[in-house]
DNA sequence: ATTTTTTCATACTCAGTGCATATCAATAAC
DNA sequence: GTTATTGATATGCACTGAGTATGAAAAAAT
């Protein structure tokens, strides 16, 4: 029993005419008759009742046909599924990201990807940069949106592409401005005001590179931060700012997270810049990943 | 692309070793390599990454494999499904029945059939004898439990087998006995008592043969029935008896329908007998029907 | 009733597919 | 450097599956 014979059976079952079925199958009638007969012999029961001028399905044949049709239909879809997998229009893409990306590149990237590849199963996981690289190194996941370490520190197995490079801005309690505790000049906050204010930051282990960027801002000015509170979620940090506990230095894109009682103010002078980019295993040639990279090239997120 | 190549692909995907896969497939390694290569060429993408000593799936191959496995598994079940259909252990059986059978042969028949053939989709339809024969004649349904007409009247296209032949008994209001309105002798009701009592019957068009059997009981004694009420459901008839509206002549098996206030009493002398049997299309060789007939032969329902 | 037509089965031939054997090539292990 | 392992290549052969020619039986037409 092979797929060819089953196809023969189905065609005869549809036409109830060996001659016409053979024509539909692009073959002549005798081998079709033989094919059916050999199938019947293998099954041990007739599929058709043939009188010399009439062909009809046996009860068995009639009940078996839908099962056969379903199995063959599944088989027929395999080349199509293959084509879609090869082109990356089906399959899966597992993307991890740092929480700050949630307010900048991630939404637009995900939206565009889903738009172009609706049948790809896109799974998103929030994780810190180092956890993402560790997972990728273990072969888990396809790509990660990270805050990158120095170029030399990135292992050879990875490729990297910058997505966005944005200055840090200060998130400050609105009341501190109206009460003149902070005094922006030309809409910019001077370094001495920043240094003098209590600070809310990420814990270092959750985002070391981001944390280092903030502390470096203080160190280069001969100061140390007066850290009043650590918080893991960006939303929590902004809530604490809103409550007047202190200020925070956050990526510019966090302006998308509007909250009453909080103002985002540019830093005066050269603001530290936070880079966010995409890493993936250099040797990973998944088509879904390829499509993501292609999309990233086209999007000009900066 | 054919099922053979797909099987080859799956086996190599499982073993990740062309030599061992070939062994599992009962063939040698070179044609297996060629088979995979031709499949890859047809798909236009590699399924495996071969270094000289290592074989691994490409991302595409890994994602395609489960689809292939599922399709082939479906294909593999076809012979088994066929065998079950041929033996009548799967498929469907459409059985119609007259309502009186509900209290005699039907329950035990259905129970036994379900027990022996749990995977057969048994569909039951209540209908009058003439509607059943009409449906069968139109090719609808497999068999029917009917009250048969005279043998000569049964068309040649049908086969028939008697299932049960049971005397009619009188269903009478219990109060009529305690009040001595009816006087059974040796637990039997005499014809004059029956004739003298108001009668509840089926409407003739719903069950002509049963109706005729009852009226014949009166006619042969030179009497006509004093019909006080018609009712279609057996349960309704017995309810009306219980309410003291009259008596009814019903198949003996209705004793299974116990109801307070109703007594079933044998008729004195030769009671009319109601035959119930199974008909089916003589040329119907459905295996499920065959199994039903076999079961009927074994059961000795009488 | 006879002839014609229709339609599935049988007989036989041929080509291509798919497998086998023999061998090569490259890499890893010793 | 040598050997063993393993996938690729080359070549030959057998069998499957399709073709052509024809038969046989029954329905349709005359």
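Computed from the coordinates by the stated procedures, all read-outs in this text should not be read as laboratory data. Bear in mind the structure is a predicted one, so any value in this text is a computation, not a measurement. When we count neighbours, we look across all protein chains shown, and the Cβ atoms used for this are built from the backbone with ideal geometry, even at glycine.
Which of rounded, prolate or oblate describes region A:43-85 when judged by the alpha-carbon gyration tensor and an a/c cut-off of 1.5?
Prolate is the answer for region A:43-85, as a/c is 1.5 or above and a/b outweighs b/c.
In Å and whole numbers, how far do the C-alpha atoms of region B:101-144 stretch along each principal axis, longest first?
Extents along the principal axes, in whole Å: 30, 24, 10.
May I ask you to report, in nm to one decimal and beginning with the shortest, the distances from residue B:258 to the same position in the other copies, taking label points 7 Å along Cα-to-Cβ?
7.9
Quick one: of the DSSP bridges fully inside chain B, what percent are antiparallel, nearest 5?
Percent antiparallel among DSSP bridges in chain B is about 60.
In Å and from the alpha-carbon atoms only, list the Rg and Dmax of region A:239-279.
12.2, 37
Pop a pseudo-label 7 angstrom from the Cα along the beta-carbon direction at both residue A:124 and residue A:181 and give the gap in nm to one decimal.
3.4 nm
What would the Debye formula give as log10 I(q)/I(0) at q = 0.16, 0.21 Å⁻¹ for the alpha-carbon point model of region A:166-272, no solvent?
For region A:166-272 at q = 0.16, 0.21 Å⁻¹, log10 I(q)/I(0) is -0.62, -1.15.
Kindly give the distances from residue B:203 to its copy-mates, label point to label point, with each label point 7 Å from Cα along Cα→Cβ, as nm values to one decimal ordered shortest first.
Distances to the matching label points in the other copies: 8.2 nm.
Which whole-number percent is the relative contact order of region A:91-141 (Cα, under 8 Å, 6+ apart)?
57 percent
Considering Cα pairs under 8 angstrom that are at least six residues apart, work out the relative contact order of region A:166-272 and quote it in whole percent.
Computed value for region A:166-272: 50 percent relative contact order.
Just the number: Rg to Rh for region A:3-87, Cα atoms, Kirkwood Rh, two decimals.
My calculation of the ratio gives 1.05.
If you average the C-alpha positions of region B:144-188 and of region B:228-302 separately, how far apart do those two centres end up, in angstrom?
7 Å
Let me see the pair-distance distribution of region A:4-152: every alpha carbon pair, 10 Å bin width, integer percents in order.
Taking all Cα pairs of region A:4-152, the binned fractions are 10, 26, 16, 11, 12, 14, 9, 2, 0 percent.
Could you please rank A:186, B:74, A:212, placing first whichever residue has the fewest other Cβ atoms within 10 Å of its Cβ?
Ranked by crowding around the Cβ, least crowded first: A:186, A:212, B:74.
Using a Gaussian network model of chain A with C-alpha springs under 10 Å, which one of A:24, A:274, A:254 is most mobile by mean-square fluctuation?
Residue with maximal mean-square fluctuation among A:24, A:274, A:254: A:24.
Expressed as a fraction of 2.2 N^0.38 Å, the rule-of-thumb size for a compact globular protein of N residues, what is the C-alpha radius of gyration of region A:120-183?
Against the compact-globule rule of thumb, the ratio is 1.72.
Assuming R0 = 30 Å, can you tell me the calculated FRET efficiency for the pair residue A:111 and residue A:285, based on Cβ-Cβ distance, to the nearest 0.05?
With a Förster radius of 30 Å, E is 0.75.
What relative contact order, as a whole-number percentage, does chain A give when Cα pairs under 8 Å and 6 or more residues apart are counted?
Value for chain A: 22 percent.
Which one of B:55, B:105, B:194 has the biggest mean-square fluctuation once chain B is modelled by GNM with Cα springs under 10 Å?
Looking only at B:55, B:105, B:194, the biggest GNM fluctuation is shown by B:55.
Please report the antiparallel percentage of the DSSP beta bridges confined to the protein assembly as shown, to the nearest 5.
In the protein assembly as shown, DSSP labels about 60 percent of beta bridges as antiparallel.
May I ask you to sort A:122, A:267, A:6 by Cβ crowding, counting other Cβ atoms within 10 Å and putting the fewest first?
Sorted ascending by nearby Cβ count, the order is A:122, A:267, A:6.
In peptide B:77-84, what is the residue-averaged number of other protein chain Cβ atoms found within 10 Å of each Cβ?
Taking the mean over all residues of the peptide, I get 5.
Per 10 Å bin from zero, what fraction in whole % of the C-alpha pairs of chain A is there, up to the bin with the longest pair?
Calculated over all Cα pairs of chain A, the distribution is 5, 21, 19, 13, 10, 8, 8, 7, 6, 2, 0 percent.
With all pairs of different alpha carbon atoms counted, what Kirkwood hydrodynamic radius in Å does the protein assembly as shown show?
Computed over Cα pairs of the protein assembly as shown, the Kirkwood hydrodynamic radius comes out at 33.0 Å.
Please report how far the C-alpha centroid of region B:73-136 lies from that of region A:1-76, rounded to the nearest whole angstrom.
26 Å
List, shortest first and in nm to one decimal, how far the label point of residue A:226 (7 Å from Cα along Cα→Cβ) is from its counterparts in the other copies.
Listed shortest first, these distances are 11.4 nm.
Quick one: of the DSSP bridges fully inside region B:114-262, what percent are antiparallel, nearest 5?
Here the share of antiparallel DSSP bridges comes out near 55 percent.
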